[in-house]
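*Asks:* My questions will all concern the structure given below.
The values are calculated or read from the model by the stated rules, or taken from the named source; none is laboratory data. Just so it is clear, the structure is predicted and the values come from calculations on it, not from any experiment. Note: ideal-geometry Cβ built from the backbone for every residue, glycine included; neighbour counts use all protein chains shown. Heavy atoms of the whole protein, side chains included, go into the accessibility calculation; ligands, DNA and RNA do not. Shrake-Rupley method; radii C 1.70, N 1.55, O 1.52, S 1.80 Å.
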Amino acid sequence: MQEKDTSKYYVIKERAIPEVLLKVVMAKRLLESGKQKSVQEATEMVGISRSSFYKYKDDIFEFHDSMKGRTITLMVILDDEPGNLSVILKAIADYHANILTIHQSIPVNGIASLTISIDLLPDTGDLEEMITAIESHSGVHYAKILARE
């Protein structure tokens, strides 16, 4: 009888990740780039043990690395003012992502909720930068990823 995979996945901000896991990601980057030839060299460079690297290497990865060709659902809370939606759509287009669906709620007290499903393509830019670009607009209260497939 095959054991069912009960792994759960979470999306969390970098500031909430323990330092050892961030160092594992850094070591993986060094190995992938060819800057370090061995796990021993990479782990020494970032300041973790090889056992920590091997313990966590398959459990942490950079969010944008796994997202190419995937769909995310983004929720944005914004002011109900002319032009706010077009700024968000332009930011998504600037990062070469494909919008699949858009739903904007009826504004209440001048605030609207926007839900956008976005297809991340192989040439889509950095997802974190795209969300930061959306959040930096003065009419946006916040943006967060609700789901990914």
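*Asks:* Pick from ILE111, ILE145: which is touching a strand residue (DSSP E or B) at 6+ places or on another chain (Cβ under 9 Å), of a type in the set (A, V, I, L, M) and farther than 12 Å from ASP79 by Cα?
*Replies:* ILE145
*Asks:* To continue, here is another question. Being aromatic (Phe, Trp, Tyr), at pLDDT below 90 and open to solvent by 50 Å² or more (accessible area, probe 1.4 Å), is that true of even one residue in segment 45-59?
*Replies:* Checked against the condition, which is being aromatic (Phe, Trp, Tyr), at pLDDT below 90 and open to solvent by 50 Å² or more (accessible area, probe 1.4 Å), segment 45-59 yields no hits at all.
*Asks:* So if I check each of ILE72, ILE77, which one is in a strand (DSSP E or B), touching a residue at least 60 places away in the same chain (Cβ under 8 Å) and touching a Phe, Trp or Tyr at 6+ places or on another chain (Cβ under 7 Å)?
*Replies:* ILE77
*Asks:* Let me ask something else about it. Taking segment 120-141 only, how many residues are within 11 Å of LEU74 (Cβ to Cβ) and open to solvent by 40 Å² or more (accessible area, probe 1.4 Å)?
*Replies:* 1
*Asks:* Moving on to the next point. Looking at segment 20-31, is at least one residue at pLDDT 90 or above and either of a type in the set (Gly, Ala, Ser) or on the phi > 0 side of the Ramachandran plot (or both)?
*Replies:* Yes, segment 20-31 contains a residue that is at pLDDT 90 or above and either of a type in the set (Gly, Ala, Ser) or on the phi > 0 side of the Ramachandran plot (or both).
*Asks:* Restricting to segment 85-110, count the residues that are over 17 Å from THR132 (Cβ atoms) and open to solvent by less than 60 Å² (accessible area, probe 1.4 Å).
*Replies:* Final tally of qualifying residues: 5.
*Asks:* Return the total of residues in segment 132-148 being of a type in the set (Ser, Thr, Tyr) and within 12 Å of the chain's Cα centre (by Cα).
*Replies:* 1
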